[in-house]
Structures are given as C-alpha cells and as structure tokens.
1. Rolling a 1.4 angstrom probe over the protein heavy atoms, how many square angstrom per residue are accessible across region 318-374?
2. Would you mind telling me the share, in percent, of accessible area of region 86-219 contributed by carbon and sulfur at probe 1.4 angstrom?
3. Could you list, in their original order, any pairs among K128/K183; K176/K232; K128/K275 whose Cα atoms are separated by more than 28 Å?
4. What net charge is computed for the residues neighbouring S242, neighbours being all others with C-beta under 11 Å from the C-beta of S242, Lys and Arg scored +1, Asp and Glu -1?
5. Treating only the Cβ atoms of Lys and Arg (+1) and Asp and Glu (-1) as charged, compute the dipole magnitude of region 6-83 about its Cα centre; round to the nearest 20 debye.
6. Of L209, V81, T340, which is farthest on the positive side of the dipole of the chain, counting Cα position, with +1 on Lys and Arg Cβ, -1 on Asp and Glu Cβ, and the Cα centre as origin?
7. Considering the Cα positions of region 121-221, please state its Rg to one decimal place and its Dmax as a whole number of Å.
8. Rounded to the nearest 20 Debye, what is the dipole magnitude of region 318-374 about its Cα centre when Lys and Arg each give +1 and Asp and Glu each give -1 at the C-beta?
Amino acid sequence: MGALYIHIPFCLSKCYYCSFASIPSAFHLYEPYVASLRKELNELAHNYPNFKLTTLFFGGGTPTVLPVEQLTGLVRYCREVFNEDNETEISIEANPGTVNLEYLDALRAAGVNRISFGVQSFNNKELKALGRLHDGNEAFSVLDLAMQAGFNNISVDLMYGLPCQSVDSWKYSLQKALNSGVKHLSLYQLTVEHDTVFFKRQENNQLLLPTEEDVLQMDEVTFALCEGEGLKRYEISNYAVSGYQCKHNLNYWFNNEYLAAGAAAVSYMDGTREKRSQNPDQYIDCIASNRSVIVEKERLSSEASFRETVIMGLRLVEGVSRRRLFERYGIDVERYYGHTLIDLEKYGLIELSATTLRITDKGRPLSNYVMAELV
Ligand code: SF4
C-alpha cells in the first residue's frame with residue numbers, strides 16, 4: 001500500500017466555517033505552486049524508490065480551482081514518477097461551480113477515478129449562511145455531469161447542525177444526495193473552529209445553531225436514511241455502498257504510512273510525522289531555494305503509535321483487529337488498557353471480542369469520550 005496526499009491550498013473564497021489551510025483568490029500563485037509541487041514530488045519519488053502508488057488524493061482547498069491542464073498535468077506527473085498499482089485509486093476534491101463537463105472529461109482522461117464534491121447542503125438558505133458560492137441546483141447538476149463524464153465513484157460531503165437548519169431540511173439534503181445515486185457520503189457535524197467567521201459570530205452571540213436534541217435527531221435520521229438506500233456506515237462520518245469505501249482514507253484510519261506534498265501537507269513515513277509550511281508563498285520560496293519545506297517533525301515511539309492506531313481504528317465501525325495490533329506492536333490491547341477497557345465495556349460503550357475492539361452503537365455518539373479515555 002502506498003498512499004500519497006497532495007494539498008492544493010487555494011479556493012475561490014473563504015467559507016464562513018472553514019479553518020482548513022486554504023487561501024482565496026491567489027490566482028498568481030497557481031503556476032509557481034504547481035511547479036514547486038512537481039519539484040517536491042520528483043524528490044519524493046527519488047527518496048522512496050520502492051514506493052508503489054496505490055492511492056493518490058488531491059485535497060484542499062479546492063484542487064479544481066486550478067486550470068485543468070495544471071491539475072491533470074500533476075496527476076500525470078505522479079503516475080509517471082511513481083510506480084503505479086494496477087488499480088490505483090485517484091481521488092480529487094472538487095466544488096460545484098468550479099468544473100464543467102469538459103473539465104471533468106479531462107480529469108477522467110488523466111486517470112482520475114474518484115471525485116468528492118463539497119456540497120454541504122442542497123438548501124439555498126443554508127448554503128448562503130455557510131458562505132458557499134454555489135446553490136443547490138448547481139450542486140445537483142454537477143453530480144449529473146460527473147456521471148456523464150464517466151465517474152461512477154462519486155462522493156458528496158454534507159454538513160449538519162448548521163445555522164438555519166431543521167431536521168426536515170437536513171433530511172431534504174440527505175435524501176437529495178441519496179437520490180442522485182452517489183456511492184459515498186461524508187457527513188460532518190458543524191464544529192465552530194477558531195479563526196473563522198462563525199467563531200467571531202458565536203463570540204458575539206450572532207450564531208444561531210440547532211438545539212442538541214435536533215442534532216441528535218439529525219444523527220438518527222442519517223443512519224436510517226443511508227442504510228435504507230444501501231449506504232453502510234463504515235466510519236463515524238462516512239457511508240458507502242459496498243466496495244466504494246475510500247481506500248485513501250482507510251489507510252489513515254489504519255494508521256499506516258503515507259507520503260504527502262504541498263503546503264500544510266503532513267506525511268507519516270518510517271515512524272516520523274512531518275508537517276510542511278502552511279503558507280504557499282513560503283512553500284514556493286523554500287522549494288525554489290532548495291530549503292526544507294518541513295516545519296514540524298515528530299518521531300513517534302512504538303507505544304505512541306500503538307495508541308494512535310487504536311484511536312484511529314476505533315473510528316471504523318469494524319473496529320481494530322487485536323491480532324494486527326499484536327503483530328505490529330507486540331502489545332495486547334486488553335492487557336495494555338486494563339481497567340479502563342473493562343469500565344468502558346461495562347457501560348456498553350465498547351465491545352471487546354477475541355479478535356476485535358470496537359465502539360458499540362450505544363458508544364458511537366460518545367466516541368469522543370471513549371477515545372479520550374484510551375488516547
Ligand atoms: S471550499 Fe472548502 S477549503 Fe475552501 S474555504 Fe470552503 S470549506 Fe474551506
């Protein structure tokens with residue numbers, strides 16, 4: 001397994017809830033940034049000659065703000081400099097309003113076989129409240145265009161717990177996504193992050209969010225609607241038709257290694273996590289002057305890595321395999337956590353069998369608490 005993540009830190013504008021590493025309207029940086037990425041990718045391919053590309057993921061930001069030749073050029077470059085698997089999953093994140101049929105055709109021709117649209121809602125009032133640039137119709141049509149271009153592995157991101165949102169309007173958006181025939185959904189509850197417009201509004205008591213009961217109800221209808229349409233929950237926030245789980249993200253949840261390139265991108269290779277400079281200008285400068293783009297480096301002890309593997313694996317509905325944990329770290333999870341695990345099991349929040357440790361359905365809404373106990 002060889003996973004490679006490439007970060008494109010550009011967007012057309014900044015959504016009000018967004019704390020991701022992305023800057024709006026930096027059109028002048030696109031070309032030098034792409035050239036810098038190529039240089040970093042070339043170096044990575046040189047440093048890891050045995051790396052076999054099984055998943056390639058372009059995230060952001062909004063990768064599809066790049067002119068199509070730049071983005072497809074990067075896809076082709078990766079496929080050229082790294083050894084490829086026969087069935088490499090190549091995913092791109094996109095936003096409605098940034099692609100047309102021609103753009104999507106070009107992505108397919110370059111080998112992109114999975115596309116993930118940041119839709120967030122099909123309700124125009126909610127989209128406006130989030131600061132999104134597209135409306136519900138545009139979001140629905142782009143899914144159709146992607147299918148016309150030959151994508152059959154399409155994912156949609158939606159958010160719940162939004163300002164102006166009711167349980168019924170959440171049902172509407174979710175049903176609309178399900179009706180479109182996409183194979184994968186990522187469904188996130190809004191969290192108000194520092195340094196966002198929403199954070200300031202909340203501080204000034206200007207952010208009116210649904211009640212906790214409403215959000216719980218949204219959670220419940222999510223599970224019922226998705227499962228009813230054949231999309232099974234396989235991770236806390238992710239649902240998929242069987243065989244369409246995101247391989248790239250599964251690699252993160254298994255806490256396996258991955259390479260990364262680009263501003264703000266984090267890699268995890270040989271037990272070491274490395275974070276690249278978040279500022280695209282700085283990233284370009286470093287690459288141009290042959291200075292390192294790494295701004296943070298952390299070497300994980302085997303025990304720290306074991307705990308992370310447990311926490312990440314608990315995000316998966318299937319849980320973590322005790323055998324795989326033992327083979328990888330020589331640690332038995334039951335012995336290691338002792339009473340903490342017994343207590344969580346007693347309250348019905350986790351299930352420990354001879355083969356697996358997993359969070360129960362009862363424990364899932366309290367998964368943050370469970371993970372905090374085991375971290
Ligand atoms: S499109 Fe995505 S990455 Fe860009 S500002 Fe909005 S939420 Fe953030």
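1. 60
2. 44
3. K128/K275
4. Its environment carries a net charge of +2.
5. Computed charge dipole of region 6-83: roughly 140 debye.
6. The listed residue farthest towards the positive side: V81.
7. Just the Cα atoms of region 121-221 yield Rg and Dmax of 14.5, 47 Å.
8. With Lys and Arg at +1 and Asp and Glu at -1, about 140 debye.
The values are calculated or read from the model by the stated rules, or taken from the named source; none is laboratory data. Nothing here was measured: the structure is a model prediction, and the numbers come from that model. Note: ideal-geometry Cβ built from the backbone for every residue, glycine included; neighbour counts use all protein chains shown. For accessibility, only protein heavy atoms count, side chains too; no ligands or nucleic acids. Shrake-Rupley method; radii C 1.70, N 1.55, O 1.52, S 1.80 Å.
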